Amino acid sequence: MTAEEWVPHDGGMRKLRARLPDCRGCELWEDAERAVAGEGPVRAEMMLVGETPGDHEDKEGQVFVGPAGHLLDKALVEAGIDRTKVYLTNAVKHFRFEREGKRRIHKTPTAGQITACHPWLTRELEIVKPSLVVVMGAVAAKALLGSKFRVTQDRGKRLELPGGQAGVATVHPSAVVRSQEFRRDFGLFVDDLRVAVELLD
Ligand code: URA
Ligand code: SF4
């Protein structure tokens, strides 16, 4: 499984976005409503990478517009980051879920799906060339830092991505949404985002 043959290796973001809906690089396109492309300025200095679109993102076709997105918005404000100036995307572009009655319950993408979708993320990194990548949660970490990386151990520190970009890992905003210790975990998430800001200065 790989998205390789659907990802254009020339052209810019417009071409990349135009090709994304055709991708059949893994089976996730079959049940999802749509592929959700990244968004933000093509010349953004900071790129934030999440997991997969959720139920809201799949319906609306935009990244981070559901509960995790609202939390991310608040955390970005606290950290002094302007959402309109960063490029936001996901490691996997189609929503993975299980049906429970009428509800669609998010499921974590498999290692095979993360690998299959990786060429899209690689091309986004080539086009945007961010100076700094914020890796949010275990799925994005698996995609960008390898399967041995542990977010809980190495969050909030300067890292180097295999492509040479500086990075900072943190938890996924949906983990903060679900946290039993919300205030603490929200604060830690904001702290990690502040590290990202400092690394850019
Ligand atoms: N979670 C993600 O990782 N990405 C989104 O776009 C929404 C929720
Ligand atoms: Fe292609 Fe990624 Fe969607 Fe799989 S999840 S079909 S690889 S865009």
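The values are calculated or read from the model by the stated rules, or taken from the named source; none is laboratory data. Remember, predicted model here, so these are calculated numbers, not experimental data. Virtual Cβ from ideal backbone geometry, glycine too; neighbours counted across all protein chains shown.
Of the residues in region 38-56, how many are under 12 Å from the mean Cα position of the chain (by Cα) and either near ligand 1 (Cβ under 10 Å from one of its atoms) or modelled with pLDDT under 95 (or both)?
Residues that pass the stated criteria total 9.
Here is a yes/no grid of residues against (1) exposed (fewer than 15 other Cβ atoms within 10 Å of the Cβ); (2) within 16 Å of residue 81 (Cα to Cα):
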| position | (1), (2) |
| --- | --- |
| 164 | yes, no |
| 177 | no, no |
| 183 | yes, no |
| 188 | no, yes |
| 192 | no, yes |
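Could you check, for region 62-76, whether at least one of its residues is among the aliphatic types (A, V, I, L, M), at pLDDT 95 or above and within 16 Å of ligand 2 (Cβ to nearest atom)?
For region 62-76, residues among the aliphatic types (A, V, I, L, M), at pLDDT 95 or above and within 16 Å of ligand 2 (Cβ to nearest atom): present.
I'd like the residue in region 120-163 that is more than 16 Å from ligand 1 (Cβ to nearest atom) and β-branched (Val, Ile, Thr) and, out of all such residues, is farthest from the chain's Cα centre (by Cα).
152
Which one is surrounded by the most Cβ atoms within 10 Å (Cβ to Cβ), of the residues in region 79-91 that are within 16 Å of ligand 1 (Cβ to nearest atom) and assigned to a loop (DSSP other than H, G, I, E, B)?
91
Residues are listed down the side, and each one gets a yes or a no for (1) out of contact with any Asp or Glu (no Cβ under 8 Å at 6 or more places or on another chain); (2) within 12 Å of ligand 1 (Cβ to nearest atom):
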position: 10; (1), (2): yes, no
position: 14; (1), (2): yes, no
position: 18; (1), (2): yes, no
position: 21; (1), (2): yes, no
position: 36; (1), (2): no, yes
position: 62; (1), (2): no, yes
position: 67; (1), (2): yes, yes
position: 70; (1), (2): yes, yes
position: 93; (1), (2): yes, yes
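Residues that are without any contact (Cβ under 8 Å) to a residue 60 or more places away in the chain and more than 16 Å from ligand 2 (Cβ to nearest atom), at least 1 per element: which strands (runs of 3 or more DSSP E) completely within region 92-163 meet that?
97-100, 103-106
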